[in-house]
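Undergrad: One structure coming up, written as structure tokens, with questions to follow.
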Amino acid sequence: MIDRKRLQERIEEELKRFEETHPRSKALFERAKANFIDGVPMNWMVKWAGSFPIFVESGEGAHFTDVDGHRYIDFCLGDTGSMTGHAPKGAVPAIKDRIDRGVTFMLPTEDAIWVGEELNRRFGLPYWQVAISATDANRFALRLARHITKRQYVLVFNYCYHGTVDEAFATAQEGHTICREGNIGPQVDPAQTTKVVEFNDIEALEKALAPGDVAAVLAEPVMTNIGIIHPEPGFLDALRELTRQTGTLLIYDETHTMSAGPGGYTGAYGLTPDMLTVGKAIGGGIPTAVYGFSEAVAERIRGTIDVEGADVGGIGGTLAGNALSMAAMRATLENVLTREAYERNIALAERFSEGVESVIQERGLPWIVKRLGCRTEYWFRESPPKNGGEAAAAVDYELDRYMHLYALNRGILMTPFHNMALISSQTTVEDIDYHTKVFRDSVDALLGTRV
């Protein structure tokens, strides 16, 4: 139904409008090229819909303002890093206080005890360690899994994403594990470290685990980074049973699925992983992450790492568990990511989904909407994909870019990697309804229709 020539024309029109209305960001971008590769301090910042990234001046709650004075509704929220909203009032005072009293000592603070108790309550795992990012938490969890099982492989699902974890930058091709496209300088051939199967494929999972050489399955309980892909009925039960039968550890990465509720998908649905990782949102924007263990896993770890070599084992970091991160986690978990906040935000996410679905139905488009708690996405396909392979085949880069750029030019920021919107405690009904209007207008401009 999409006229590709018209799509290109609309993209060019929106790019022209973007450049004309963001002169200050453009000037800063050109200046930044002198000292930053591609003009950005972090390589993913090039993946925005415009011809350059907008530069931020300030942010508060569900909105931010750029250096050209434009104010935006932020549905990206740092791709979950600011799911709490920018500068959340429930966490900022404690963060400021901790900064005034020192931020890192390589020693614990009393906040760490509160955080450990709260993580146990939310996720059901008694023991925890702290990292700086979810990527590190996943790396450390995998190292420990290999350490205690003495097994070679990690199993992941096709088109998963678990941060910059080497083992997860792999995909399946005709039954073989290969490097995922774009994998930069792989340190090891992933065929030697990783098995890859499709999400929701119990038969393939059973076959891959049967040899007893997989240390751990690293998985999101709901896939998110290739779009939201829910587990089919019985799949997670089978995953848990098969991992137990084969002595394989089950690690759930809840970094994005924290959108499901205060205890993530694990807490919402009573899952029982052996290990769990989560980062981004739990620090209110301050870099931090955690990885937790069951009693059985903790018992297997105890006594296997000598004190003398603890600092050179490849796990941890000088800044991990710093006083600022612990204070930020305590304040965020206690005052921001509360059950009441989730109930409010999930209701608004439902309103967001319903608004987009109404436009899709009105215009007769073969698109769908998927939701996970306060996270929602629209897809350019007729039916929900059941795995990463199907989802990847539906990616339409040009259409994504147009929809994102049209919204950006009208004061709405969507997540650059996909059509994902997050709802924070400061997002309003008016914000949601404005998005529905802009979404409708973008579709009409693309189709050349007005209803």
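The values are calculated or read from the model by the stated rules, or taken from the named source; none is laboratory data. All values derive from a computational prediction rather than experimental measurement. Virtual Cβ from ideal backbone geometry, glycine too; neighbours counted across all protein chains shown. Keep in mind that these areas ignore ligands, DNA and RNA; they rest on the heavy atoms of the full protein, side chains included. Shrake-Rupley method; radii C 1.70, N 1.55, O 1.52, S 1.80 Å.
Undergrad: To check you understand DSSP bridge types, tell me what percent of the beta bridges within the chain (both residues inside) are antiparallel, rounded to 5.
TA: Among the beta bridges of the chain, antiparallel pairing accounts for roughly 65 percent.
Undergrad: Moving on to the next point. With +1 on each Lys and Arg Cβ and -1 on each Asp and Glu Cβ, how big is the dipole of the range 91-336 about its Cα centre, in debye rounded to the nearest 20?
TA: Rounded to the nearest 20 debye, it is 340 debye.
Undergrad: Continuing with this model, one more query. Nearest 10 degrees, 0 to 90: what angle lies between the long axis of helix 429-447 and the longest principal axis of the chain (Cα atoms)?
TA: The answer is roughly 60 degrees.
Undergrad: Mind giving me the FRET efficiency for residue 444 and residue 238? R0 is 41 Å, r the Cβ-Cβ distance, nearest 0.05 is fine.
TA: 0.40
Undergrad: Taking a ≥ b ≥ c as the square roots of the Cα gyration tensor eigenvalues, with a/c under 1.5 meaning rounded and otherwise prolate when a/b beats b/c, else oblate, which class fits the range 132-198?
TA: oblate
Undergrad: How much of the pair distance distribution for the range 91-336 lies past 29 Å, counting alpha-carbon pairs only, in percent?
TA: Here the tail beyond 29 Å accounts for 28 percent of pairs.
Undergrad: Can you compute the FRET efficiency between residue 68 and residue 121 using 1/(1 + (r/R0)^6), with r the Cβ-Cβ distance and R0 = 51 Å? Round to the nearest 0.05.
TA: 0.70
Undergrad: If I take the Cα coordinates of the chain and project them onto the principal axes, what are the three extents in Å, biggest first?
TA: Cα spread of the chain along its principal axes, largest to smallest: 67, 56, 46 Å.
Undergrad: Another one. At 7 Å along Cα-to-Cβ for each site, give me the label-to-label distance between residue 187 and residue 56 in nm.
TA: Label at residue 187, label at residue 56, 2.9 nm between them.
Undergrad: Count the net charge of all other residues whose Cβ sits under 11 Å from the Cβ of residue 39, scoring Lys and Arg as +1 and Asp and Glu as -1.
TA: Charge balance in the 11 Å sphere: +1.
Undergrad: Could you pull out every residue, at least 5 positions away or on a different chain, whose amide H is within less than 5 Å of the one on residue 232? Hs are placed 1.01 Å off N in the peptide plane, and Pro or chain starts have none.
TA: For residue 232, whose amide H was placed from the backbone, there are no distant partners under 5 Å.
Undergrad: Which of the GluC sites (Glu not before Pro) found in the range 356-423 are loop residues per DSSP with 15 or fewer other Cβ atoms within 10 Å of their Cβ?
TA: Those satisfying the criteria are 382.
Undergrad: How much length is gained on full extension from residue 19 to residue 358, taking 0.36 nm per residue of separation minus their Cα-Cα distance?
TA: 118.9 nm
Undergrad: Next question. Farthest toward the dipole's positive end in the chain, which of 412, 36, 378, given Cβ charges of +1 (Lys, Arg) and -1 (Asp, Glu) about the Cα centre?
TA: Of the listed residues, the answer is 36.
Undergrad: Can you tell me the FRET efficiency between residue 380 and residue 417 if r is taken as the Cβ-Cβ distance and R0 is 25 Å, rounded to the nearest 0.05?
TA: With a Förster radius of 25 Å, E is 0.95.
Undergrad: Ignoring ligands, DNA and RNA, what percent of the accessible area of the chain is carbon or sulfur (1.4 Å)?
TA: That share works out to 51 percent.
Undergrad: Moving on. Placing +1 at every Lys and Arg Cβ and -1 at every Asp and Glu Cβ, with all other atoms neutral, what dipole size does the range 109-228 have around its Cα centre, in debye to the nearest 20?
TA: Rounded to the nearest 20 debye, it is 300 debye.
Undergrad: How much accessible area per residue does the range 91-336 have, counting only protein heavy atoms and a probe of 1.4 Å, in square angstrom?
TA: Dividing the accessible area of the range 91-336 by its residue count gives 44 Å².
Undergrad: A further question on this structure: As a test of the formula, what do you get for the chain when each DSSP H run with n ≥ 4 contributes -39,500 (n - 2.57) and the sum is divided by the residue count, at 222 nm and rounded to the nearest 500 deg cm²/dmol?
TA: That comes out to -12000 deg cm²/dmol.
Undergrad: Lys/Arg Cβ at +1, Asp/Glu Cβ at -1, dipole of the range 262-377 taken about the Cα centre: which of 356, 273, 286 is farthest positive-ward?
TA: 356
Undergrad: Right, here's the next one. Roughly how many nanometres apart are two label points built 7 Å out from the Cα toward the Cβ at residue 2 and residue 429?
TA: Distance between label points: 3.3 nm.
Undergrad: Over the range 91-336, calculate the relative contact order: mean separation of alpha carbon pairs under 8 Å at least 6 apart, over the residue count, as a percent.
TA: 31
Undergrad: Using the basic label-point model (7 angstrom from Cα toward the beta carbon), what is the residue 343 to residue 35 distance in nanometres?
TA: Once both label points are built, they end up 4.9 nm from each other.
Undergrad: Further question on the same structure: Measure nothing but the geometry: give the 0 to 90° angle between the long axis through the Cα atoms of 134-149 and the longest principal axis through the Cα atoms of the chain, rounded to 10°.
TA: Roughly 30 degrees, rounded to the nearest 10.
Undergrad: Once you have the Cα-Cα distance between residue 143 and residue 206, take 0.36 nm times their residue separation minus that, and quote the gain in nm to one decimal.
TA: Gain on extension, residue 143 to residue 206, equals 20.4 nm.
Undergrad: Further question: Let me have the relative contact order for the chain, percent, based on Cα pairs under 8 Å that are six or more residues apart.
TA: Computed over the chain, the figure is 23 percent.
Undergrad: What is the magnitude of the charge dipole of the chain about its Cα centre, with +1 placed on the Cβ of each Lys and Arg, -1 on the Cβ of each Asp and Glu, and no other charges, expressed in debye to the nearest 20?
TA: So the magnitude is around 320 debye.
Undergrad: Give me Rg over Rh for the range 1-160, both radii from the alpha carbons and Rh done the Kirkwood way, two decimal places.
TA: That ratio equals 1.06.
Undergrad: Oh, and also: Give me the angle, in degrees from 0 to 90, between the Cα long axis of helix 323-335 and the longest principal axis of the Cα atoms of the chain, rounded to the nearest 10.
TA: Between helix and principal axis, roughly 70 degrees.
Undergrad: Which of 147, 124, 314 sits farthest toward the positive end of the charge dipole of the range 91-336, with +1 on the Cβ of Lys and Arg and -1 on the Cβ of Asp and Glu?
TA: After comparing all options, I get 314.
Undergrad: Next question. Once you have a ≥ b ≥ c as the square roots of the Cα gyration tensor eigenvalues for the range 67-163, tell me rounded if a/c is under 1.5, and otherwise prolate or oblate according to whether a/b is larger than b/c.
TA: It comes out oblate by the Cα gyration axes.
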